[in-house]
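The values are calculated or read from the model by the stated rules, or taken from the named source; none is laboratory data. These numbers come from a predicted model, not from an experiment. Here the Cβ positions follow ideal geometry from the backbone for every residue, glycine too, while neighbour counts run over all protein chains shown.
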Amino acid sequence: MDKTRGSSKKFTSPGILKNIHRQKYLLLMLLPGLLWFVVFKYCTYAGLGLAFTNYGFKKSVDFVGMRNFIRLFKSVAFWTAFKNTMIISICNIIFYFPFPIIIALLINELRSLRMKRTVQFMIYIPYFFSWVVVGTIFVNLFSPSSGLVNQILKLLGQDSIYFMANPQWFRFVLIASYIWRQMGYGAVIYVATLSTVDPQLYEAASIDGCNKWKQVFYITLPSIKTTIITMLLLNLSHVLLIFEQIMVMYNASVYSVSDVLQTYTYREGILSGNIAYGTSISLFTGLVSFMLVMGTNWITKHFLEESVL
Amino acid sequence: MNPKSRIKIKESNSRKIFRLFNALFLAVVCIIVVIPIWNVVVTSFAQDQDVMGGVYLLLPKSFTLKNYARVMNSGYMRGFWNSMFVAVSGTALAMAVTVPMGFALAQKKLIGRKIIMRIISITLVFDAGIMPFYILIKTLGLIDTRLSLILPFAVSTFNLIIVKNYMSSIPESLIESAKLDGCNDFMILIKIVLPLAVPILSAVMLFYFVSFWNRYTEAVMFINNSSRYTLQVMLRALVFQSDGSLGEGNAVYDNTKMAVMVLGMLPVLIIYPFVQKHFVSGLMLGGVKE
């Protein structure tokens, strides 16, 4: 008897069982969420395997190796979509990303607490509007007949531009509306981080003869470094997945500059029903995004000694 | 006057100029944000003849509730209630899943905490994209159901991490002493942690509500039955495809369109001011890893 009990102790280690029993409520609370992650996240990861099959038209599903990817890399439409995605993403990072930081630094310079609050309150509003609402607002703003922007152009003696249907200008509308909607969100997060910087640092610096510019570069920016990098990584993780904004705002006359990976996937995979091929685009997009984030994380780890992930 | 104090006066002058320009610049930014929203509201109250010529209304020329009356009697109200159903039940479900999970993950002694955090944070950086997602929804038989707009969005990794981080900052001694008083983990969550976390939870609730209310792409992908269309889908069709289902049969004027727009922004605009004051306290990023 004693002998068997001893061996069972070794194998099932009742320490853990006891722990599980003690934490049964905690584990119960964890369970629904964990189940959700398994079903709605990890099952979709598993679904990516369909990229190597011919799932879609036929009843039987066969393994076809890299055939979808070969077709993908030979497709002109794919490369156009890839190019457009990269251009829009790079513009987003270059033009959008520094914006909230600058705005937050300026808000931080305001002396009156009430003004700080009011500015944050107002610029945060657009973040809560859907892309449909934001898209409509920009259609109105840039309308060739009644839009505010074209009326200003007319006052300046310029011809009006149909921004929404002009391939040369459409990307500008995309970036502008992105900045308009997201700026306040980023700014509020940076302002919150800035408020945690120890004011004594600034006092000490100004006694040492450090001017305001130097203070920004030697105190302010280093103290919000982690937040900046976190925001950059979060941005990079979904910058290639740009979808809803385009779905709402694009139209036939600007397909050539705004068809992105996700809209291409949607058309090929869901509208045309070529599921396996669509999945191969999804897998490609996901992997490139992942490498982008991991690469950036590696760079910041090695050069800024700061790793977020 | 000694030279040192002169320098100081000069510096404070340049500071004053900087402050003035800074305030002016931020005022301009605020105006750029607010003007287009103001235009929507003003236009939605305007008479037909005031919008026919194609003008960008900044000052109200007239005031009428006729546009809202038109919208109230149209199919757009069904879209509004569809969206409301999805947003309210979605938010309720999301909170019911996220809050206990966040609480459990905030307990350092939790079995397998590190692994679970890994499993969760991977989803922040790797997304399988729309195709596997669509296949999953199809396999689960959720196509054309409102559930397809609720279940898949019951957890946002981002919100979960915000909740978890906030709950980890609650002093452990509070929880330990409740435990000594014979509270189990459920009672601790409800009696001690929830009251302390009201600010962050109201912010997260708003985030969830907004995400359900605003969702567009998935509603287009998953819902084909027009009686289940959400307001955002109908609004997109109205503005971008000049959908003429608003009664008269002929052109829908901008004022009526903008009344639908206001309907689409309304719930968010109503809740936002109440919740906004909690944002700064809770929205600290960082701490994704651990």
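Kindly indicate whether B:F133 is at the interface with chain A (Cβ under 9 Å from one of its Cβ atoms), closer than 23 Å to B:T230 by Cβ and touching a residue at least 12 places away in the same chain (Cβ under 8 Å). Yes.
Does A:T53 meet the test of being at pLDDT 85 or above, β-branched (V, I, T), buried (at least 19 other Cβ atoms within 10 Å of the Cβ) and out of contact with any strand residue (DSSP E or B) (no Cβ under 9 Å at 6 or more places or on another chain)? First the steps, then the outcome.
Values: at pLDDT 85 or above: yes; β-branched (V, I, T): yes; buried (at least 19 other Cβ atoms within 10 Å of the Cβ): yes; out of contact with any strand residue (DSSP E or B) (no Cβ under 9 Å at 6 or more places or on another chain): no.
The answer is no for A:T53.
Tell me which residues, restricted to the range B:215-239, are assigned to a helix (DSSP H, G or I), under 19 Å from B:I137 (Cβ atoms) and either within 9 Å of chain A (Cβ to nearest Cβ) or among the charged types (D, E, K, R) (or both). Residues satisfying the conditions are B:T217, B:E218, B:V220, B:M221, B:R228, B:Q232, B:V233.
Any idea which of A:L287, A:L283, A:L232 is part of a helix (DSSP H, G or I), farther than 25 Å from B:V233 by Cβ, out of contact with any His (no Cβ under 6 Å at 6 or more places or on another chain) and free of Cβ contacts under 8 Å to residues at least 12 places away in the same chain?
Numbers: A:L283 fails: free of Cβ contacts under 8 Å to residues at least 12 places away in the same chain; A:L232 fails: free of Cβ contacts under 8 Å to residues at least 12 places away in the same chain.
Only one candidate passes the filter, namely A:L287.
Among residues of the range A:265-295 being crowded, with 17+ Cβ neighbours inside 10 Å and hydroxyl-bearing (S, T, Y), the one that is farthest from B:F133 (Cα to Cα) is A:S289. Kindly provide the set of residues from the range A:38-73 that are outside any helix (DSSP H, G or I), of a type outside the set (V, I, T) and more than 9 Å from chain B (Cβ to nearest Cβ), ordered by number. Scanning the range A:38-73 gives A:N54, A:G56, A:F57, A:K58, A:K59, A:S60, A:D62, A:F63, A:G65, A:M66. A search for C-beta distances below 9 Å between a residue of the range A:63-92 that is touching a residue at least 60 places away in the same chain (Cβ under 8 Å) and any residue that is among the basic types (K, R) and assigned to a helix (DSSP H, G or I), counting only pairs 6+ apart in sequence or on different chains, returns A:A77/A:R267; A:F78/A:R71; A:N84/A:R171; A:I87/A:R171; A:I88/A:R171; A:C91/A:R171. Please tell me if A:S177 is within 30 Å of B:Q276 (Cα to Cα) and either of a type in the set (G, A, S) or part of a loop (DSSP other than H, G, I, E, B) (or both). Here the answer is yes, as A:S177 does meet what is asked. When you look at B:S211, is it away from every other protein chain (no Cβ under 13 Å) and assigned to a helix (DSSP H, G or I), yes or no? Considered against the rule, which asks whether it is away from every other protein chain (no Cβ under 13 Å) and assigned to a helix (DSSP H, G or I), B:S211 comes out as no.
Could you list, in sequence order, all residues of the range B:139-160 that are more than 9 Å from chain A (Cβ to nearest Cβ) and over 17 Å from A:H238 (Cβ atoms)?
B:G141, B:L142, B:I143, B:D144, B:T145, B:R146, B:L147, B:S148, B:L149, B:I150
Would you confirm, using the coordinates I've provided, whether B:V29 is surrounded by 15 or more Cβ atoms within 10 Å (Cβ to Cβ), at pLDDT 90 or above and in the same structural domain as B:P171 (by TED's automatic domain parsing)? Taking the combined requirement at face value, the residue does not satisfy it. Could you check, for the range A:248-255, whether at least one of its residues is within 13 Å of another protein chain (Cβ to nearest Cβ), within 22 Å of A:I102 (Cα to Cα), at pLDDT 85 or above and surrounded by fewer than 21 Cβ atoms within 10 Å (Cβ to Cβ)? No: zero hits.
Would you call A:A192 more than 12 Å from chain B (Cβ to nearest Cβ) and within 25 Å of A:L105 (Cα to Cα)?
Details: more than 12 Å from chain B (Cβ to nearest Cβ): no; within 25 Å of A:L105 (Cα to Cα): yes.
When the stated conditions are applied, A:A192 does not pass them.
Filtering the range B:20-73 to residues that are part of a loop (DSSP other than H, G, I, E, B), over 23 Å from B:L231 (Cβ atoms) and among the small types (G, A, S) leaves B:G53, B:G54, B:S62.
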